[in-house]
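J.: Below is the structure I would like to discuss, written out as structure tokens.
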Protein chains: 2
Amino acid sequence: MQFSKSTDYALHALLHLGHSERHGNVGIKELSGTLGVSESYLSKIMSKLRQDGIVRAIPGVNGGYELARPADQISFLEVIQVIEGRQQWFECSNTNSQQHSLLADNGTVQRGRERSDNCQCLVEKVMNGAELHLYQYLREHTIQTTLDEAFNRCNNEVNKK
Amino acid sequence: MQFSKSTDYALHALLHLGHSERHGNVGIKELSGTLGVSESYLSKIMSKLRQDGIVRAIPGVNGGYELARPADQISFLEVIQVIEGRQQWFECSNTNSQQHSLLADNGTVQRGRERSDNCQCLVEKVMNGAELHLYQYLREHTIQTTLDEAFNRCNNEVNKK
DNA sequence: ATTAATATAGATCTGTGATATCCATAATAT
DNA sequence: ATATTATGGATATCACAGATCTATATTAAT
């Protein structure tokens, strides 16, 4: 269970775009050179980001990519979901098994019609909670906040001296 | 990016063991039957859990598995890490690239010897934060708390009537 | 208009890891 | 002794991440 390299590339590329915003477009050559990854591969990733309206692409000479929105409206969560897909991070594969009905009998009489409601997979319940928890964090962190933090960190370092 | 089925099986198996604690051992046959997965495959998973001291294994006739510790000392985090491995969920693959040094020049003069300290990968910094955040949640949720929640949920349902 | 630069989309290749099964071996209760 | 149970090794299969190549479309500059 690991985030893909594509996600890594996407986030780094967006940070680069955010950082170079005043200088206009950034071509795939500059991007791939900076990140140390092939143009071909990075193109695919940038295409995905474009299809989801995170970046704009300008074809032709002097073309390239730029952020399609202000950097504070591009969250880590959205980027991750575009690249990794929007499927749940945990899915119970035992829904057909006896597991859940067995546990449902835990000291109480359980009527059949209630089962689907309040006796869903216990594991999934916890894991979905974890997922929502994580979403919150990843929603609060944007390309902008990340750039800002870097800026402040370096400034503080200088002021301390 | 998804949790593996093995993790699913492991957590369900442990819930089953926790639930059947008073009845003694549970053999692989009962476990695999309840979860709807082959004995062979589940064995491997149980072996891992044993090697990490989460369950005890009793070979021979009437053997089986039982929790090696109280259910409230087996967290989701530990189970996940045993099955999925303890590698980070995000690793920056661009450490050699120019990305980070470029961003480090963000409006401040940066001395070379400080870089390794305070100008590490920005993406990794955010993602590691997310990981720690998630760890906290997964540490607080144990086999016991999950069983308890199921019990309370069903009880409340009954009392409401 | 032509050319060079740039992005896009399709096809394909490769390696790795998750999922799964089978078999031989060890341990233990009856 | 025998049947039962767990363990470990070897292996098979399959999907997917990672990556590359080529052909095509679009645009700026000449």
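J.: Mind checking A:29-40 for the average number of partner chain beta-carbons within 10 Å of each residue's beta-carbon? Numbers along the way, then the final one.
T.: On the way: counts 0, 0, 1, 1, 2, 8, 5, 7, 3, 0, 0, 0.
Taking all residues of A:29-40 together, the mean is 2.
J.: Am I reading the A/B interface right? What is its buried accessible area, both sides, 1.4 Å probe, to the nearest 100 Å²?
T.: Summed over both sides, the interface buries about 6200 Å².
J.: Considering every residue in B:129-137, what mean count of other chain Cβ atoms within 10 Å of its Cβ is obtained?
T.: Working: counts 3, 12, 3, 1, 6, 6, 1, 2, 8.
The per-residue average across the peptide is 5.
J.: Separate question: So what's the net charge close to B:E39: Lys and Arg +1, Asp and Glu -1, counting the other residues with Cβ under 12 Å from its Cβ? Let's see the in-between values first.
T.: Values: positive: B:K29, B:K44; negative: B:E30.
Net charge in that neighbourhood comes out at +1.
J.: Would you mind pulling out the separation of the Cα centroids of the range B:1-48 and the range A:40-69, in Å?
T.: 46 Å
J.: Rounded to whole angstrom, how close does the nearest chain A beta-carbon get to the axis mapping A onto B, and which residue is it?
T.: A:L134, 3
J.: In nm, one decimal, shortest first: how far is the label point of A:E149 (7 Å from Cα along Cα to beta carbon) from the matching points in the other copies?
T.: Label point to label point, same position, other copies: 2.7 nm.
J.: Go through A:K5, A:K48 and list them by solvent-accessible area, largest first, probe radius 1.4 Å.
T.: Greatest to least solvent exposure: A:K5, A:K48.
J.: Another question, if that's okay. Using the Karplus curve 6.51 cos²θ - 1.76 cosθ + 1.60 with θ = phi - 60°, what ³J(HN,Hα) values do you get for each residue of the range B:71-76, in whole Hz, with x for Gly and Pro?
T.: 4, 7, 10, 10, 8, 4
J.: Consider just the alpha-carbon atoms of the range A:1-70 and return their Rg together with their Dmax, both in angstrom.
T.: Taking only Cα atoms of the range A:1-70, I get Rg and Dmax of 11.4, 41 Å.
J.: Mind listing the phi-derived Karplus ³J(HN,Hα) values for the range B:5-12, rounded to whole Hz, using 6.51, -1.76 and 1.60 with θ = phi - 60°, and x for any glycine or proline?
T.: So the J values, rounded to whole Hz, are 4, 4, 4, 4, 4, 4, 5, 5.
J.: Further question on the same structure: Using amide H atoms built in the peptide plane, which far-off residues or other-chain residues are under 5 Å from B:T142 H to H?
T.: B:F76
J.: Within 10 Å of each Cβ of A:3-13, how many other protein chain Cβ atoms are there on average? Numbers along the way, then the final one.
T.: Working: counts 9, 2, 4, 0, 4, 9, 3, 1, 9, 10, 1.
Mean partner shielding for this stretch: 5.
J.: From the phi angles alone, apply the Karplus equation (6.51, -1.76, 1.60; θ = phi - 60°) to the range A:40-50 and give each ³J(HN,Hα) in whole Hz, x where the residue is Gly or Pro.
T.: 3, 5, 5, 4, 4, 5, 5, 4, 4, 5, 5
The values are calculated or read from the model by the stated rules, or taken from the named source; none is laboratory data. Remember, predicted model here, so these are calculated numbers, not experimental data. When we count neighbours, we look across all protein chains shown, and the Cβ atoms used for this are built from the backbone with ideal geometry, even at glycine. Remember, those area values only see protein heavy atoms, side chains included, never the ligands or the DNA or RNA. Shrake-Rupley method; radii C 1.70, N 1.55, O 1.52, S 1.80 Å.
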